[in-house]
Amino acid sequence: MLHVLHGMPSEAYFATRYAVLRQPLGMPHGSERLSDDDDALHAWFEVDNAVAAVGRAHVLPIDSDGSGVDHKGPGADAIPPFGPLARAEVQRPAFQIRQMGTLEEHRRKGLAGQVLSALEEGMVTQYGAKTGFLQAREHAIEFYRSQGWVLIDEPYAITNIGPHRSMMKTF
């Protein structure tokens with residue numbers, strides 16, 4: 001079952017986010033949390049009353065180019081700006097998708113697509129968003145392409161996580 005919430009989600013949501021995105025990299029508990037999680041739109045898919053897939057989106061402030069830090073924990077890498085946003089080549093409001101992940105046993109079943117679609121729809125209908133941005137790990141690029149997202153900017157690496165590419169989608 002798909003769930004969408006503006007505000008702080010459950011501990012089960014964060015446990016899945018940690019299990020998928022941070023634990024495999026040996027990162028500490030807490031690194032799965034972001035300082036603005038309570039102001040974000042969260043979506044997750046439950047299978048048999050357990051959180052199987054997660055994601056979040058937030059509106060990018062008008063003065064933001066999308067640069068920031070990768071996580072709340074110690075040693076967080078700086079994330080580069082989104083080129084089209086920094087050059088004011090896109091319509092605002094703009095939003096960013098972050099922390100998308102699906103537990104291994106639930107992958108390739110369409111759950112991530114439903115989570116992503118719910119986040120996109122929520123950002124467009126609730127906030128009037130015109131443009132979306134995200135940073136994709138290399139292995140996820142084809143998934144996002146299949147959902148209508150396009151590559152922008154040059155590849156970059158995030159310490160302990162690996163190569164990434166920035167992507168965007170116009171709504």
- [ ] Please report, as a whole percent, how much of the solvent-accessible surface of segment 95-142 comes from carbon and sulfur atoms (probe radius 1.4 Å).
- [x] 45
TODO: For segment 19-124, run through the GluC sites (Glu not before Pro) and keep only the ones in DSSP coil with at most 16 other Cβ atoms within 10 Å of their Cβ.
DONE: GLU89
Task: VAL150 paired with ALA12, simple spin-label distance in nm, labels 7 Å along Cα-to-beta-carbon - done: 4.0
TODO: Please work out which option in (1) 193; (2) 105; (3) 184 gives volume of the Cα convex hull per residue in Å³ calculated from these coordinates, and answer with its label.
DONE: (2)
TODO: Compute the accessible area per residue over segment 1-106, keeping the other protein chains in place, probe 1.4 Å, unit Å².
DONE: 47
TODO: For segment 101-149 and segment 1-21, compute the distance between their C-alpha centroids and round to whole Å.
DONE: 15
TODO: Loop sites only, by DSSP: take the trypsin sites (Lys or Arg not before Pro) in the chain that have at most 12 other C-beta atoms within 10 Å and name the longest stretch containing none of them.
DONE: 1-86
Open item on the list: If you count only protein heavy atoms and use a 1.4 Å probe, how large is the accessible surface of MET1, to the nearest 10 Å²?
Closed with: 140
TODO: Whenever you get a sec, compute what percent of the accessible area on segment 4-93 sits on carbon and sulfur atoms (1.4 Å probe).
DONE: 53
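The values are calculated or read from the model by the stated rules, or taken from the named source; none is laboratory data. Here the structure is a predicted model, which means the values were calculated and not measured. Using ideal geometry, Cβ is built from the backbone for each residue, glycine included, and neighbour counts are taken over all protein chains shown. Protein only, heavy atoms only, side chains kept; ligands, DNA and RNA dropped before computing areas. Shrake-Rupley method; radii C 1.70, N 1.55, O 1.52, S 1.80 Å.
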